[in-house]
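These notes concern the structure reproduced below.
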Amino acid sequence: MAGGGVAERWVRRRTRLWLWKVAAPVAIPVMAAVTLLIVPLAVIAGAEADTAAGPGLRCSAGGTGATVAGIDLDAVQMGQAQTIADVAATLGLGPYAATVALATAYQESRIRMLANDGSSPELTREQAAVTATSLQYPHDGLGSDHDSVNAFQQRWIAGWGTVAQLMDPVYAAEAFYARLIAVPNWQTIPLTQAAQAVQVSAYGDAYARWAPFATELTAMLWPAAEATAADLGGPSGGVCPGLVVPAGSWTRPTGGLLTSGFGPRWGALHAGVDIAGPRDAPVYAAAEGTVTTAACTSAFCDRDGGLDVSGYGNLVEIDHGAGVATRYGHLSRYTVTAGQPVAAGALIGYQGSTGNSTGVHLHYETRLDGVPVDPVPFMADRGVDLAADPGGRRR
C-alpha cells in the first residue's frame, strides 16, 4: 500500500538514533570536515532521490491552537510541536530533550516548518537554486537566512541533510536530537547551553528566554507523545493523535489547499470539495458523531486508483445527527470501524488517492438528509474556513 510502513519507519529511525548515540561524538566532526568537499554533488543527487519518499506525516494538518505561558500558538504550531515531542518520546530521550528542542524551534522559527526561497546574498547561484527546492515541499511559511530551512533552521550546506530530508518534520527533529545527545552532559546542563551546543547560533543566549514556555508546552504535549511511543503497531495509534476540539464545535478535517470546489464537473455533480495535502496527512472527524461507513468502495484500495476506477476508494462516513452527515473519500487507509462513536477531531484516516482519483487529496462532503450541500458555506456557518489552510495560504 502506497505510503504504508509507518511502524517500520519509526523502528528504523529509532535504530538510527541509537547508532548516533554511539557514533555521534566521532562522526559529527568528521562529517563537518568533509561536507564542504562533497555537498555540492551529493545534495543535488540526494534531493532527487529523496523526493520520491517525500516528507513524513505532518500532524499540523488541522485542529485548534492553545495558549502556553501566555503565548498564543495556532494549529500549525501546535501540530509541529507535537511532532517534535513525539519523536523525543519515541526515541526514549525523555521530556527534557523535547523541552530543549521546543525552545530552540520557537526561537528559530516560532515552531513552523519554513521553506527558503534562496534569496540570501550569502549564497552562490547553485546554492540558491538548491535551497529554493525547499519550496516544493509542504511548509508553513518562508525564510531567507542563508540556506536555513525547517523549524530548527537547519542548513544543508553545513551537513544536516539534503533539502528534501530537512523538509520532513520528523527527520528534522531526529537530526536535532542526534546532535543533542552527542553533547556531554546534555541532560543536566542549562537549556540554553544545550541548545547552543547543537545550533552554534550567533545569539546563543536567546534560547534561555523560552525555557519556561518550552517546559509548559512539553508538559502539555508529553502524554500524547508517550502514547505515540507506546503504540508503534499501526497508523491508528499515535503518529498523529486526535485533536482537542471544544464540545459541540466543528474543525477542519485535514490540512492542505482547496483544489476543487462543489458543483458541476465533467458533466456530473462534484458532490464535495477536494483538499490536497501531503500523502498520509491525517484526516479528522469534522464533528462528533457515529461512523456509518468505513470501507473500500472501489474495485481495489490497496494502491492508488485512477480515472478508470469508480467509487470513493477508502471511504469513511459519519452521522452527526439531525440529518447531518460527512464523507471522507480517497483515503490511503482508515482507522475507524462502522458503528464506532467518534469525537470531533478524532483521527479517522489519512489522505490518499484510492478510487476515482488522480492525485493525493481528501474528498470531503457535507450532506443534509442525504443530499450533498456545498461544504464551504456549510463549514463557514460553523466557524471553519475551508478556503484557507493552516499554513495561511488561500486559494
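Every number in this text was worked out from the coordinates using simple rules, so none of it is lab data. The structure displayed is predicted, hence computed values, not measured ones. Please note: Cβ atoms are built from the backbone with ideal geometry, for glycine as well, and neighbour counts cover all protein chains shown.
Structure above, values below:
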read-out: Sites D205 and T124, calculated FRET efficiency, Cβ-Cβ separation with R0 30 Å, nearest 0.05; value: 0.45
read-out: Amide proton proximity set for M113, modelled H, under 5 Å, gap of 5+; value: D140
read-out: Loop sites in the stretch 89-135: GluC sites (Glu not before Pro), DSSP, at most 14 other Cβ within 10 Å; value: E122
read-out: ³J(HN,Hα), Karplus 6.51/-1.76/1.60, whole Hz, each residue of the stretch 246-258, x for Gly, Pro; value: x, 4, x, 9, 10, 9, 5, x, 6, x, x, 9, 6
read-out: For the stretch 122-135, Karplus couplings with θ = phi - 60° (6.51, -1.76, 1.60), whole Hz, Gly/Pro x; value: 6, 9, 6, 4, 5, 5, 5, 5, 5, 4, 5, 5, 4, 5
read-out: V68 long-range amide H proximity, modeled H, under 5 Å; value: L73
read-out: Packing-based order for 141-150, 377-386, 74-83, 186-195, using average beta carbon neighbours within 10 Å, highest first; value: 74-83, 141-150, 186-195, 377-386
read-out: Under the Karplus curve 6.51 cos²θ - 1.76 cosθ + 1.60, θ = phi - 60°, whole-Hz ³J(HN,Hα) for the stretch 290-296, x wherever Gly or Pro sits; value: 10, 5, 9, 9, 8, 7, 7
read-out: Placed amide H near R333: partners under 5 Å, 5+ positions off or other chain; value: Y350
